[in-house]
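S.K.: Got a structure for you, questions after.
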Amino acid sequence: MRFAYNTSGLAHHRLDDALALLADLGYAGVALTLDVGHLDPLRSSAADVAAVAARCQALGLAVAVETGARFVLDPRRKHAPTLLDDDPAARERRVDFLVRCATIATDLGARVVSTWAGAAPGGAVGDSERTGAPAERVDVFWRRLTDGVAEVLARTAHLPVLLCFEPEPGMFVERPRGYLALRERLAARGVAAPALTLDVGHLLCTGDLPVASAIAAAAPHLAHVHLDDIRDGVHEHRMFGEGDLDLPAALTALERCGFDGLAAVELSRDSHRGAWAAAEALRRLRAAR
């Protein structure tokens with residue numbers, strides 16, 4: 001297991017400065033959120049991508065690619081469009097975006113590219129007893145999600161990167177069991193499922209506890225990890241020690257299950273204090289390990 005830091009928490013830094021900072025602090029990797037200010041996935045040239053790849057290699061930083069930029073596709077709607085939109089053209093825009101991100105990830109030498117379901121129109125949830133929508137509407141969203149993920153997998157099958165899927169509170173798939181349901185739906189079509197991105201803080205939001213047990217259960221599918229603290233079940237990523245996460249127990253569980261990928265600190269609300277947050281997070285991780 002190697003510690004990384006998500007550039008979503010360094011949004012006010014130039015990307016080159018952010019990479020140098022992380023290497024200087026002692027991080028082993030970077031979780032690069034392709035965004036309007038950090039290697040814009042819609043505008044960056046092949047030369048731009050090659051320069052970042054060379055910089056990461058020179059600094060000794062392993063790379064994972066994150067696709068959670070808030071307004072990169074729509075300047076008015078956060079994380080829109082999604083694979084669940086009612087408009088087929090909008091869903092295809094998200095598929096195209098994910099394929100583009102996977103291509104950039106390949107050129108960066110990244111091992112994984114991570115994504116999620118997105119929020120369903122009307123806020124329906126697919127992996128909870130309280131779905132917030134009629135069953136037939138939930139089934140429509142499941143079909144759209146399965147279709148979209150299957151298409152991304154088919155269009156990126158020739159690339160040497162691993163697509164990872166993250167359950168995200170507030171989205172259609174919030175919990176690890178939703179990821180497992182997606183795997184089953186893909187398997188029914190004969191499609192090999194994506195691997196799992198697990199955010200340990202999210203487990204405190206969705207009540208998938210204890211965290212160590214949830215990590216152990218997820219281990220067979222786990223390829224990428226996000227690290228953050230959560231307080232009172234509210235989906236706001238916090239610095240370790242500012243919430244309810246038992247960080248030593250979570251890290252021990254990851255080590256016991258043999259996780260050997262990047263465990264990336266995700267403090268997207270802390271860019272205003274990004275340099276301090278990156279340094280302090282690593283200090284607390286090392287103290288807890």
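S.K.: Out of Gly132, Gly109, Gly118, which single residue is in contact with an Asp or Glu (Cβ under 9 Å, 6 or more places away or on another chain) and at positive phi?
M.R.: Step by step, each of Gly132, Gly109, Gly118 is checked, and only Gly118 is in contact with an Asp or Glu (Cβ under 9 Å, 6 or more places away or on another chain) and at positive phi.
S.K.: Return the pairs, sorted by first residue and then second, in which the second residue is surrounded by fewer than 22 Cβ atoms within 10 Å (Cβ to Cβ) and of a type in the set (S, T, N, Q), the first residue lies in the stretch 222-238 and is within 21 Å of Pro248 (Cβ to Cβ) and without any contact (Cβ under 8 Å) to a residue 40 or more places away in the chain, the beta carbons are less than 8 Å apart, and the residues are 6+ apart or on different chains.
M.R.: Going by the 8 Å Cβ cut-off, the qualifying pairs are His237/Ser268.
S.K.: Which of the following residues is under 30 Å from Arg155 (Cβ atoms) and among the β-branched types (Val, Ile, Thr): Val211, Val265, Val225, Val200? If you could, list the steps in order and put the result at the bottom.
M.R.: On the way: Val211 fails: under 30 Å from Arg155 (Cβ atoms); Val265 fails: under 30 Å from Arg155 (Cβ atoms); Val200 fails: under 30 Å from Arg155 (Cβ atoms).
One residue alone meets the criteria, Val225.
S.K.: Collect the residues in the stretch 122-141 that are assigned to a helix (DSSP H, G or I), surrounded by fewer than 20 Cβ atoms within 10 Å (Cβ to Cβ) and of a type outside the set (A, V, I, L, M), keeping them in residue-number order.
M.R.: Taking the stretch 122-141 as the starting set, the residues that turn out to be assigned to a helix (DSSP H, G or I) are 122-123, 135-141.
Narrowing further to those that are surrounded by fewer than 20 Cβ atoms within 10 Å (Cβ to Cβ): 122-123, 135-140.
Across the stretch 122-141, the qualifying residues are Gly122, Gly123, Glu136, Arg137, Asp139.
S.K.: Does Ser114 satisfy being closer than 29 Å to Gly207 by Cα, among the polar types (S, T, N, Q) and touching a Lys or Arg at 6+ places or on another chain (Cβ under 8 Å)? Explain how you work it out, then say what you get.
M.R.: Working: closer than 29 Å to Gly207 by Cα: yes; among the polar types (S, T, N, Q): yes; touching a Lys or Arg at 6+ places or on another chain (Cβ under 8 Å): no.
No; evaluated as a whole, the condition is false for this residue.
S.K.: What is the number of the single condition among (1) surrounded by 17 or more Cβ atoms within 10 Å (Cβ to Cβ); (2) part of a helix (DSSP H, G or I) that Gly68 does not meet?
M.R.: All conditions are met except number (2).
S.K.: Can you name the number of the only condition in (1) surrounded by 17 or more Cβ atoms within 10 Å (Cβ to Cβ); (2) over 27 Å from Leu180 (Cα atoms) that Leu262 fails?
M.R.: (2)
S.K.: Identify the single condition in (1) assigned to a helix (DSSP H, G or I); (2) surrounded by fewer than 19 Cβ atoms within 10 Å (Cβ to Cβ) that Arg43 does not satisfy, given that it satisfies every other one.
M.R.: Answer for Arg43: the failing condition is (1).
S.K.: Now a separate question. Of the conditions (1) assigned to a strand (DSSP E or B); (2) under 24 Å from Gly243 (Cα atoms); (3) of a type outside the set (Gly, Ala, Ser), Leu163 satisfies every one except a single condition; which number is it?
M.R.: (2)
S.K.: Here is a further query. Which one of these does Trp276 not meet: (1) of a type outside the set (Ser, Thr, Tyr); (2) without any contact (Cβ under 8 Å) to a residue 24 or more places away in the chain; (3) more than 21 Å from Ala20 (Cα to Cα)?
M.R.: (3)
S.K.: Now a separate question. Which of (1) assigned to a helix (DSSP H, G or I); (2) touching an Asp or Glu at 6+ places or on another chain (Cβ under 6 Å) is the odd one out, the single condition Thr146 does not satisfy?
M.R.: Result: Thr146 fails condition (2) only.
S.K.: Here is a further query. Taking the condition of being without any contact (Cβ under 8 Å) to a residue 40 or more places away in the chain and over 19 Å from the mean Cα position of the chain (by Cα), how many residues in the stretch 58-73 meet it?
M.R.: Of the residues in that region, 2 qualify.
S.K.: With the requirement that a residue be in contact with a helix residue (DSSP H, G or I) (Cβ under 8 Å, 6 or more places away or on another chain) and surrounded by 15 or more Cβ atoms within 10 Å (Cβ to Cβ), what does the stretch 236-245 give you?
M.R.: If we filter the stretch 236-245 for residues that are in contact with a helix residue (DSSP H, G or I) (Cβ under 8 Å, 6 or more places away or on another chain), which is where we start, we get 239-241, 243-245.
The answer is Met239, Phe240, Gly243, Leu245.
S.K.: Which is touching a Pro at 6+ places or on another chain (Cβ under 8 Å) and within 19 Å of Glu168 (Cβ to Cβ), of Arg77, Arg94, Arg70, Arg100?
M.R.: On the way: Arg77 fails: touching a Pro at 6+ places or on another chain (Cβ under 8 Å); Arg70 fails: touching a Pro at 6+ places or on another chain (Cβ under 8 Å); Arg100 fails: within 19 Å of Glu168 (Cβ to Cβ).
Unique residue meeting the criteria: Arg94.
S.K.: May I ask you to list the residues in the stretch 237-268 that are touching a Lys or Arg at 6+ places or on another chain (Cβ under 8 Å) and among the basic types (Lys, Arg)?
M.R.: Result: Arg238, single match.
S.K.: Please work out which residue is surrounded by the most Cβ atoms within 10 Å (Cβ to Cβ), limiting yourself to the stretch 157-170 and to residues that are within 23 Å of Glu129 (Cα to Cα) and without any contact (Cβ under 8 Å) to a residue 60 or more places away in the chain. Outline the logic, then answer.
M.R.: Step one: filter the stretch 157-170 for residues within 23 Å of Glu129 (Cα to Cα), giving 165-170.
Retained after the next criterion (residues that are without any contact (Cβ under 8 Å) to a residue 60 or more places away in the chain): 165, 167-168.
Values: Phe165: 25, Pro167: 28, Glu168: 25.
Ranking the candidates gives Pro167 first.
S.K.: Which of the residues that make up the stretch 190-221 are closer than 22 Å to Gly29 by Cα and crowded, with 22+ Cβ neighbours inside 10 Å? Walk me through how you get there before you give the answer.
M.R.: Of the stretch 190-221, the ones closer than 22 Å to Gly29 by Cα are 194-202, 215, 219, 221.
If the condition is that a residue be closer than 22 Å to Gly29 by Cα and crowded, with 22+ Cβ neighbours inside 10 Å, then Pro194, Leu196, Thr197, Leu198, Asp199, Val200, Gly201, His202, Ile215 are the ones that fit.
Each value in this text was obtained by applying a stated rule to the coordinates, not by laboratory testing. Computed from a prediction, not measured in an experiment: that's the story for all the values here. Don't worry about glycine lacking a Cβ; one is built from the backbone with ideal geometry, like all the others, and counts go over all protein chains shown.
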